[in-house]
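Readers should treat all values here as calculations from the given coordinates under stated rules, not as data from a laboratory. Keep in mind that this is a model prediction, so the values were computed, not measured. We place every Cβ from the backbone using ideal geometry, glycine too, and count neighbours over all the protein chains shown.
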Amino acid sequence: MSKEVVASKSVVIEFDAPRCIHSRHCVLDRPDVFVPNVAGAWIHPERATAAEVLEIAHNCPSGAIQCHGPNGEALEQAPVVNQVWVRENGPLAFHAPLQVDGKADGFRATLCRCGASANKPYCDQSHTGVNFQATGEPPVQDSPALALRDGPLQIEATPNGPLHVCGNLELVSGTGRTIDRVTDVYLCRCGHSNNKPYCDGSHVKAGFES
């Protein structure tokens, strides 16, 4: 399914359904703009200002909602601090200038860490169906402050293996604690590591295929 694109005079909304993880911020925060449970048109950018639509996009962790100006001008800016949030029993939610498998991918993405997604490396909510169990509050690592906290973040979904992440990055728990600061790290995406969110090589024994 291609992206759904809906425009008003002040803003263009792009909705990428396969990336949506149904966090529901859009329909809960602005049910007039993203109207739930209706037949036909359900996205109405004309009911909000460009700034309000940008706020909706910011609250979409998967990056399924993107927006830009009517002439293609960017509205969203890169964060001051690159982050990945470790979701309880769920995905890794990145907020950074992203390059995923060599392609520019905006500033927001939720990547699978249960191993079951049919849309790898992205999360598709399969963790709920397989009853994936993984804490969102891993132990805090002793890590020095980064010299730089922003900049491009490169993510490679290695074949049948972990996510290899290069760039300045702070790992953040579900309650907002910084648990680690890294510039090069391998993060589990098979769901079997005994040291989540980090890879410990368990994908080999588990026969993980991506």
For the stretch 86-125, just say rounded, prolate or oblate: build the C-alpha gyration tensor, square-root its eigenvalues into a ≥ b ≥ c, call rounded for a/c under 1.5, and beyond that prolate if a/b exceeds b/c, oblate if not.
oblate
For the chain, what does -39500 (n - 2.57) per DSSP helix run (n ≥ 4), summed and divided by total residues, give at 222 nm, in deg cm²/dmol to the nearest 500?
-2500 deg cm²/dmol
The rounded separation in angstrom of the Cα centers of the stretch 81-136 and the stretch 38-54 is 26 Å
Using the 2.2 N^0.38 Å rule of thumb for compact globular proteins, work out how the stretch 83-206 stacks up: its C-alpha Rg over that value, please.
0.97
Relative contact order of the stretch 83-206, defined on C-alpha pairs under 8 angstrom at six or more residues apart (%):
25 percent
For the stretch 4-68, fraction of C-alpha pairs farther apart than 20 Å, in %:
13 percent
Just the number: Rg to Rh for the stretch 29-124, Cα atoms, Kirkwood Rh, two decimals.
0.99
Expressed as a rounded percentage, what relative contact order does the chain have, with Cα pairs under 8 Å and six or more residues apart?
16 percent
Below 10 angstrom from the Cβ of Gly174, what's the summed charge of the other residues (Lys, Arg +1; Asp, Glu -1)?
0
Value of relative contact order over the stretch 4-68, rounded to a whole percent, pairs C-alpha under 8 Å and six or more apart
43 percent
Considering lysine pairs in the chain that are 8 or more places apart or on different chains, how many have Cα atoms under 27 Å apart?
7
The summed charge of the Cys190 Cβ neighbourhood (under 14 Å; Lys/Arg +1, Asp/Glu -1) stands at +3
Rank these for me by crowding, Phe94, Phe107, going from fewest to most other beta carbons within 10 Å.
Phe107, Phe94
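So if I take the alpha carbon set of the chain, get Rg, then get Rh from the Kirkwood formula, what is the Rg over Rh ratio?
Details: Rg = 17.5 Å, Rh = 17.8 Å.
Ratio value, two decimals: 0.98.
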Taking the simple approach of a point 7 Å from Cα along Cα-to-Cβ for both Gln133 and Glu76, what is their distance in nm?
3.4 nm
Ranked Ser10, Ser173, criterion: other C-beta atoms within 10 Å, fewest first:
Ser10, Ser173
